[in-house]
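Heads up: the structure comes next, in structure tokens.
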Amino acid sequence: MKIVTEARGTPAPGIVPCAHCGLEVPTGFVDLDAERQFCCSGCRTAYTILHEHGLGQYYAFGEKREAPVRPTGKCYEEFDHEAFRALYVKPLRGGLCTVELYLEGVHCSSCVWLVERVPLLLSGVVRAELDIRRSRAHVEWDPAAVTLSAIAQQLDVLGYRPHPYRGVAAEDMRRKEDRAMLTRIGIAGALAGNIMLLALAQYSGWFSGMEAEYERYFRVISLLLTIPSLFGPGWLFFQGALASLRTRRLHIDLPIAIALLAGFSRGAINTIRGSGPIYFDAVGTLVFLLLSGRFLQNRGQRAAADAAELLASFAPAAARVVDETGVNEREVPVEALLPGMVMSVRAGETFAADGDVTTGRSAVDCSLLTGEPRPESVEVGARVFAGTVNLTGRLTVNVTQAGEMSRLGALLRCMEESARRRAPVVQLANRIAGWFVATVLIVAAVTYLYALRHDPARALDNAIALLVVTCPCALGLATPLAIAVGIGRAARRGILIKGGDAIEVLNRPGLIFLDKTGTVTEGRLRLVRWEGADVVKPLVAALERETNHPIAIAVQQAWPMVEMLEARDVTQTVGGGIEGTVAGRRVAVGAPTFVARRTSVADGAPDVRIEAFAEEGLTPVWVAVDGALVARGGFGDPLRDDARDSVDRLRALGWRVALLSGDHPVVVRSTAQRLGLELSDAIGGASPEEKLRRVEEARPRGTVLMVGDGVNDAAAIAAATVGVGVHGGAEASMSAADVYLSRPGLAPLVELVEGAHRTMLVIRNNILFSIAYNCLGATLALLGILDPLIAAVLMPMSSLSVVFASWRGRTFDARVAPAAAMGASSGVPRVEPAA
């Protein structure tokens, strides 16, 4: 046999690599007469298409997609529907159209190269661009030459399943807002730079002297440059100040506006008089710095909304609707679904809306909502929800809620709304600023009146110096900038924090409730124990290849190299098991009761093993061949590799850790023992209501974190002081959570706690520095020691110091060693789990 491969890497001896993706080709797929081998028909098709169009250089990339191509076979006719075009397609000049698509399966630079070569594969496609960070493809095409459904099919065949990229309109609006803000910052920066150059020339004149006409020239030009800076980009702060006065609530924009206006007014008066200090360099620099800080803060708060839009892109884009005759079906965009319509959902498809089952029986994967890997059986009258997956049989569903009114849509709205909260520490800064405004104005008036009696010539300068030097700009930047930097760095580490309040609360150690399934365990079934001969494995694998049940998937993952046999007369019983004929033998695989009815076993032995498997937290699956029980399998959910170390680190940081799970108490206690927890901290069999009650009872005694991944955790997550949704979890838990961990495992949770502590240290240091600086400056100005010109120099220096401290603070930095002693001496009482 001659095997040729263009996949990257050198295969191990005896391993046959796929010519397209490089993965190992199963024994049953090896064609001894073929020159090249493929692990699946999808890879074969993709390989053929690339070579037929002269795109073989794809295989020269050092980094390529290393996953089999699994085309769905969909026709994507909904992409040509009028409702779809109205929602997602934009017309261009010359009769062209453009659309934004979210692509599944994007991994690396070779994916970008391949997607952007789609115009070479389909005539009529003008341009295709891929944003690898967002997996977002921008496609332009001529609808007279090719349909959008044909483009979607081509992408699907290449292994990139397309979805409409929702939220494009909102993103365009945000992009316009960002451009407007960046324009302000750019103008303010350019003006500040030129004003500083003029100020440098004037400062140089202190040492060597300067002719009067040149000094007057520099003053006037500085004034002319400051006017557009202050009343152009800087007008944003005056708008905030005016709003503060209208609402009769002192806001931090008010003292900023007063200080900027005071410095500008005094500088303008001195420019007209031709003598005295001017403060234009300080005013221009502060406008630039404050705008930059506000932009960073707004960008950091968008993480949750962006995550919600990306999440919506995973929802099904189309549904198959049954007409009144109950025979004919047609695909329509999910936005065209209305209550009362009947949709047909085949095995392997995702429900596009909430509804009630009208015909059929099946198993449904509800892990999106529940976080549990085991499927649920449904029949006529059962309620199904958008986003869950139909596994085994065809169902017809009467739509009750669709689109934004579905449970999934409501959860996405909840997630976006939760991102708008402001941290208590930010609100504290605003409250401090309110008192600060009143205090500064009073002290400035006292300074003026005091100097007026003793040195009338310096009275106004002393008051101006106090207003300038005590400008709360550093205080205004201290908290939002540190939070924005911390949230941004956390996002780069895969930790999405929706609000600064979570950062503040995480600094106070208390009690952490961990859900078991999907949080401390992997959240998927695996074959953990096998009791039987190896010759039985091909028989079981042949049957399980006929279904996409989670247990079948676990079997295929456990035995990828077994001999491939053909199964015939296969029958699947929902909630029971599967049976059929393999190699002339009658095989039954499934629940013990299902298999027992097909065997001659009558001694009760299987029941003994059922109890033994249950004590280990395993789901029992029995195997019978020709009426005889021949093998037993135990399927379970393994502990994550980092779970034990992460729990130990959290406890070292001062947190009490407890398991709070809906799984069987025996399973939860077994997991707790492996984590090194006390049995009193292992709470099993908890319903969503019980989880909520436990969290609510623990909250009065201190900080409570709830970490979970399913709808059954959502209420408890929302009720906790800080709720944390974990990687791979249900959208419900993500929407209710204050923090979402996009990386698997518990290590990101430890990083979250440590990073929040370091961020609060930066914030406290910034606030203390700002207050100390303002107190010192006010004292010097009050005593007449501080000259207005020196005050103008010191004012931006304080802001620059805060900016530098916020950027240099190593908040969420993987290189920082764990703060193992955090919370050990914080004085926060330990919180016991509720009884």
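The values are calculated or read from the model by the stated rules, or taken from the named source; none is laboratory data. Model, not experiment: these values are computed from the prediction. So basically every Cβ, Gly included, is an ideal-geometry build from the backbone, and we count neighbours across all protein chains shown. In case anyone asks, the SASA skips ligands and DNA or RNA and just uses the protein heavy atoms, side chains included. Shrake-Rupley method; radii C 1.70, N 1.55, O 1.52, S 1.80 Å.
List of remarks:
- Cα centroid of segment 130-159 to Cα centroid of segment 539-588, whole Å: 37
- FRET E, pair LEU761, LEU242, Förster distance 51 Å, beta-carbon r, rounded to 0.05: 0.90
- Across the protein chains, with a 1.4 Å probe defining accessible surface, the residues HIS53, HIS454, HIS138, HIS20 rank HIS454, HIS53, HIS138, HIS20 from largest area downward.
- Packing rank of 86-93, 589-596, where each peptide gets the mean count of other beta carbons within 10 Å, highest leading: 589-596, 86-93
- The stretch between ARG743 and TRP807, if pulled fully straight at 0.36 nm per residue, gains 20.6 nm over its current Cα-Cα span.
- Peptides 552-559, 392-399 ranked from most to least packed, by the mean per-residue count of other Cβ atoms within 10 Å: 392-399, 552-559.
- Centroid-to-centroid separation of segment 613-649 and segment 216-242 [C-alpha atoms, Å]: 71
- For the pair ILE132 and HIS664, label points projected 7 Å from Cα toward Cβ lie 4.7 nm apart.
- Over segment 585-716, accessible surface divided per residue gives 41 Å², non-protein components excluded, 1.4 Å probe.
- Alpha-carbon centroids, segment 661-706 and segment 93-129: separation in whole Å: 48
- Net charge contributed by nearby residues that have their C-beta within less than 15 Å of SER123 (K/R +1, D/E -1): -1
- Summary of packing: across the peptides 213-222, 38-47, 563-572, the per-residue average of other C-beta atoms within 10 Å ranks them, highest first, as 38-47, 213-222, 563-572.
- Gain on full stretching of the segment that runs from LEU224 to ALA212 - 0.36 nm per residue minus C-alpha separation: 2.5 nm
- With a Förster radius of 41 Å applied to the beta-carbon distance between ARG383 and ALA180, the computed FRET efficiency rounds to 0.35.
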